[in-house]
Protein chains: 2
Amino acid sequence: MNPQFSATYPRRYAIIGTGALGGFYGARLQRAGFEVHYLLHRDYAHVRAHGLRIDSVDGDFVLPKVNAWAKTTDMPPCDVIIVALKTTQNHRLPELLPPLLHEHSVVLVLQNGLDVEADAAAVVGPQRVIGGLCFLCANKAGPGHICHLDYGAINLGEYAPNMPDTRLNALTADFRRANIAVDTVANLRLARWRKLLWNIPFNGLSVVLRASTAEMMADDGIRALAADLMAEVRHAAAQQACFLDASEITAMLAATARMKAYKTSMMLDYEAQRPLELDAIFARPLAVSSHMPLTHMLYRQLSFLESAPRPSKNSADLKP
Amino acid sequence: MNPQFSATYPRRYAIIGTGALGGFYGARLQRAGFEVHYLLHRDYAHVRAHGLRIDSVDGDFVLPKVNAWAKTTDMPPCDVIIVALKTTQNHRLPELLPPLLHEHSVVLVLQNGLDVEADAAAVVGPQRVIGGLCFLCANKAGPGHICHLDYGAINLGEYAPNMPDTRLNALTADFRRANIAVDTVANLRLARWRKLLWNIPFNGLSVVLRASTAEMMADDGIRALAADLMAEVRHAAAQQACFLDASEITAMLAATARMKAYKTSMMLDYEAQRPLELDAIFARPLAVSSHMPLTHMLYRQLSFLESAPRPSKNSADLKP
């Protein structure tokens with residue numbers, strides 16, 4: 001397999017999983033002139049008929065016509081295959097990815113969690129895989145209707161070691177042309193641990209406490225608990241030679257305190273009765289660390305709540 | 001003050017706090033022929049007019065006429081003053097207890113938590129105080145209407161050291177006459193830690209997980225988490241020279257698995273929008289122990305949930 005990135009321009013993109021995240025980035029790329037093909041499931045008929053509508057803090061826009069597909073076997077081979085499924089759907093990758101590949105296709109994994117690229121790499125080989133960490137606050141208001149509330153930057157990094165920077169540079173150029181802020185990271189695993197520093201406490205506690213980020217940050221005890229959980233994540237990362245400075249915890253807490261009140265993605269999944277991304281965000285870090293007792297406790301609580309009957313969305317509604 | 005117990009027979013009892021627990025034990029004592037005086041707050045008028053109704057696994061009964069009072073200053077001095085308030089009301093003891101005392105009155109503290117006798121002892125002196133640990137599953141169905149679901153035994157112990165066994169023997173005789181199973185404990189503090197071994201994990205997790213005992217015990221991860229919390233409590237108790245055998249944890253988990261599905265008292269308080277007994281059950285043990293990280297995490301979660309808006313009772317209803 002040739003890791004050389006296709007020189008064709010503009011590149012053709014596939015969005016595997018057109019939820020809030022996949023739909024948002026796909027629509028931005030399409031608006032910028034790229035050819036984008038969207039895989040949909042429940043919303044397929046609606047989006048095929050009506051396209052995508054993006055309500056965004058950066059300006060609303062509508063794409064009345066999009067390339068909507070129900071099966072990847074119907075889709076053309078693509079240069080960049082963006083995996084934007086929830087990690088709870090990664091068991092479908094062996095079926096979904098192969099029909100989309102040409103010789104130089106790359107797979108960009110825009111998912112949360114530790115080593116989530118491994119699932120795609122097992123299907124297409126590690127040298128095709130790029131990881132991306134998204135800092136996006138968006139949710140789906142209805143079929144084909146995405147609300148972009150805040151942020152949106154992506155950090156990109158090669159999954160396999162010692163890859164040339166050709167592909168990352170090309171992707172960076174594409175995303176910037178689509179008005180998506182991008183940075184590249186030299187150490188993807190370190191970047192994933194850094195994101196877990198936030199996701200483990202705030203995604204996890206938001207579900208257990210049924211609370212927004214602002215409600216959690218307004219409580220002294222929960223702020224202290226978040227810091228304790230972050231310290232565990234930091235030490236676990238160090239066991240994998242991913243060194244995060246203690247000052248990052250302080251800075252991340254301060255940044256979270258400045259955020260608008262919002263519901264975490266895990267809270268949105270919980271309310272929508274969807275499976276929670278517990279394997280990627282909790283089980284994988286716990287599997288490689290010898291001592292994360294608070295994180296383990298949170299994981300056990302979340303596993304229970306995931307399988308228990310959930311309150312209806314209305315009764316769990318949060319005040320902003 | 002004379003620690004000698006009154007020789008008058010039958011003894012006159014005061015119930016300070018006629019909720020499910022106080023009402024249940026008071027009614028049992030009254031039915032057995034003791035003179036019982038009940039302090040009530042919200043249900044005063046109803047109980048004064050209609051008495052108490054006990055629906056019990058041991059047989060239902062009604063007391064159409066009871067001595068109901070709204071203020072302790074109106075009540076006669078009593079031989080045994082049973083403190084059956086929630087510990088969250090203990091700040092009222094300095095006002096409530098003195099009017100009820102005669103020279104030989106004793107105060108029996110039937111509350112959950114560590115060193116809860118200290119609050120009564122600060123008012124009446126430690127030598128008047130007896131502690132009692134109740135293993136009762138009961139709740140209030142309405143004003144003056146108590147449902148006794150299961151259990152009901154009390155363990156009694158002297159609070160002050162080196163007291164003669166006269167009073168415990170007399171109380172034991174009274175309670176047994178009232179068909180209440182009683183045992184005495186030589187080490188009240190040890191008995192309180194033993195009860196915390198159950199209350200900390202199960203009261204605490206029931207609120208965080210909105211779950212009954214049976215739902216928690218059906219989940220492998222929560223059973224393991226409960227065992228981890230119990231291990232912390234056991235080690236904290238040992239720091240106070242209260243030695244609990246590790247086999248007690250195994251036995252307690254097995255006993256909990258055999259219980260009917262029921263809601264813990266803290267869960268009932270949570271659903272009824274009442275304050276939670278976090279100080280007595282969590283903050284006091286945490287204050288004397290140097291290392292209870294999981295318990296501390298649970299305490300922080302509960303403190304948050306106590307002050308956050310609570311779901312309505314219907315939406316939180318549990319399947320039995």
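The values are calculated or read from the model by the stated rules, or taken from the named source; none is laboratory data. These numbers were taken from a predicted model, which means no experiment stands behind them. Cβ sites come from the backbone with ideal geometry, for glycine too, and all protein chains shown count toward neighbours. Areas reflect the complete protein model, heavy atoms only, side chains present, ligands, DNA and RNA absent. Shrake-Rupley method; radii C 1.70, N 1.55, O 1.52, S 1.80 Å.
Listed conditions (1) in contact (Cβ under 8 Å) with a residue 12 or more places away in the chain; (2) more than 30 Å from B:Leu278 (Cβ to Cβ); (3) in contact with a Gly (Cβ under 7 Å, 6 or more places away or on another chain) are all met by B:His46, apart from (2). Taking the range B:54-87 as the range and being in contact (Cβ under 8 Å) with a residue 40 or more places away in the chain, outside any loop (DSSP other than H, G, I, E, B) and in contact with a Gly (Cβ under 6 Å, 6 or more places away or on another chain) as the test, only B:Thr87 passes. Scanning the range A:176-192 for residues that are more than 14 Å from A:Phe24 (Cα to Cα) and among the small types (Gly, Ala, Ser) turns up A:Ala186, A:Ala191. Considering B:Ala226, B:Ala211, B:Ala181, the condition of being within 13 Å of chain A (Cβ to nearest Cβ) and more than 22 Å from B:Ser289 (Cβ to Cβ) is satisfied by B:Ala211 alone. Annotation: B:Leu136 fulfils all but one of (1) open to solvent by 10 Å² or more (accessible area, probe 1.4 Å); (2) assigned to a helix (DSSP H, G or I); the unmet one is (2).
In the set (1) touching a Lys or Arg at 6+ places or on another chain (Cβ under 7 Å); (2) open to solvent by 10 Å² or more (accessible area, probe 1.4 Å), the condition left unmet by A:Asn155 is number (1). The residue pairs whose first member lies in the range A:234-248 and is within 11 Å of A:Leu196 (Cα to Cα), whose second member is assigned to a loop (DSSP other than H, G, I, E, B), and whose beta carbons are closer than 6 Å, counting only pairs six or more residues apart or on different chains, are A:Arg234/A:Leu244; A:Ala236/A:Ser289; A:Ala236/A:Met292; A:Ala237/A:Leu244.
Restricted to the range B:54-88, and to residues there that are over 20 Å from the mean Cα position of the chain (by Cα) and within 12 Å of B:His145 (Cα to Cα), the residue that is surrounded by the most Cβ atoms within 10 Å (Cβ to Cβ) is B:Leu63. Can you name the residue in the range B:300-316 that is open to solvent by 60 Å² or more (accessible area, probe 1.4 Å) and facing chain A (nearest Cβ under 10 Å) and, of all such residues, is modelled with the highest pLDDT? So, considering only residues that are open to solvent by 60 Å² or more (accessible area, probe 1.4 Å) and facing chain A (nearest Cβ under 10 Å), the one modelled with the highest pLDDT is B:Ser307.
Among the conditions (1) open to solvent by 40 Å² or more (accessible area, probe 1.4 Å); (2) away from chain A (no Cβ under 14 Å); (3) farther than 19 Å from B:Arg223 by Cβ; (4) more than 17 Å from the chain's Cα centre (by Cα), B:Pro275 misses just one, which is (4). Candidates in the range A:214-223 are the residues that are more than 8 Å from every other protein chain (Cβ to nearest Cβ) and part of a helix (DSSP H, G or I); of these, the one that is most open to solvent (accessible area, probe 1.4 Å) is A:Asp220. When A:Arg42 is tested against the conditions (1) within 19 Å of A:Leu268 (Cα to Cα); (2) surrounded by fewer than 22 Cβ atoms within 10 Å (Cβ to Cβ); (3) in contact with a Phe, Trp or Tyr (Cβ under 8 Å, 6 or more places away or on another chain), the lone failure is (3). Within the range A:154-170, one or more residues are within 30 Å of A:Ala45 (Cα to Cα) and in a strand (DSSP E or B). The set of residues in the range A:249-270 being farther than 18 Å from A:Leu149 by Cα and open to solvent by less than 50 Å² (accessible area, probe 1.4 Å) consists of A:Ile249, A:Met252, A:Leu253, A:Ala254, A:Tyr270. Filtered by the rule that a residue be within 14 Å of chain B (Cβ to nearest Cβ) and within 18 Å of the chain's Cα centre (by Cα), the range A:184-208 gives A:Ile200, A:Pro201, A:Phe202, A:Gly204, A:Ser206, A:Val207. Evaluating B:Phe202 against the criteria (1) in contact with a Lys or Arg (Cβ under 9 Å, 6 or more places away or on another chain); (2) surrounded by 15 or more Cβ atoms within 10 Å (Cβ to Cβ); (3) under 30 Å from A:Arg300 (Cα atoms) leaves one unmet condition, (1).
Could you tell me whether A:Arg176 is in a helix (DSSP H, G or I), open to solvent by 10 Å² or more (accessible area, probe 1.4 Å) and touching a residue at least 24 places away in the same chain (Cβ under 8 Å)? Taking the combined requirement at face value, the residue does not satisfy it. Filtered by the rule that a residue be open to solvent by 50 Å² or more (accessible area, probe 1.4 Å), among the charged types (D, E, K, R) and either without any contact (Cβ under 8 Å) to a residue 60 or more places away in the chain or within 20 Å of B:Ile180 (Cβ to Cβ) (or both), the range B:89-117 gives B:Arg92, B:Glu95.
If only residues of the range A:287-299 that are crowded, with 19+ Cβ neighbours inside 10 Å and in a helix (DSSP H, G or I) are counted, the one that is farthest from the other protein chains (Cβ to nearest Cβ) is A:Thr295. Of the residues A:Tyr9, A:Tyr25, A:Tyr13, the single one that is among the hydroxyl-bearing types (Ser, Thr, Tyr) and part of a strand (DSSP E or B) is A:Tyr13. Kindly check whether there is at least one residue in the range A:136-149 that is touching a residue at least 24 places away in the same chain (Cβ under 8 Å) and farther than 30 Å from A:Ala261 by Cβ. Within the range A:136-149, not a single residue is touching a residue at least 24 places away in the same chain (Cβ under 8 Å) and farther than 30 Å from A:Ala261 by Cβ. Per the listing B:Ala231, B:Ala241, B:Ala246, the residue uniquely within 14 Å of chain A (Cβ to nearest Cβ), surrounded by fewer than 22 Cβ atoms within 10 Å (Cβ to Cβ) and over 27 Å from B:His148 (Cβ atoms) is B:Ala231.
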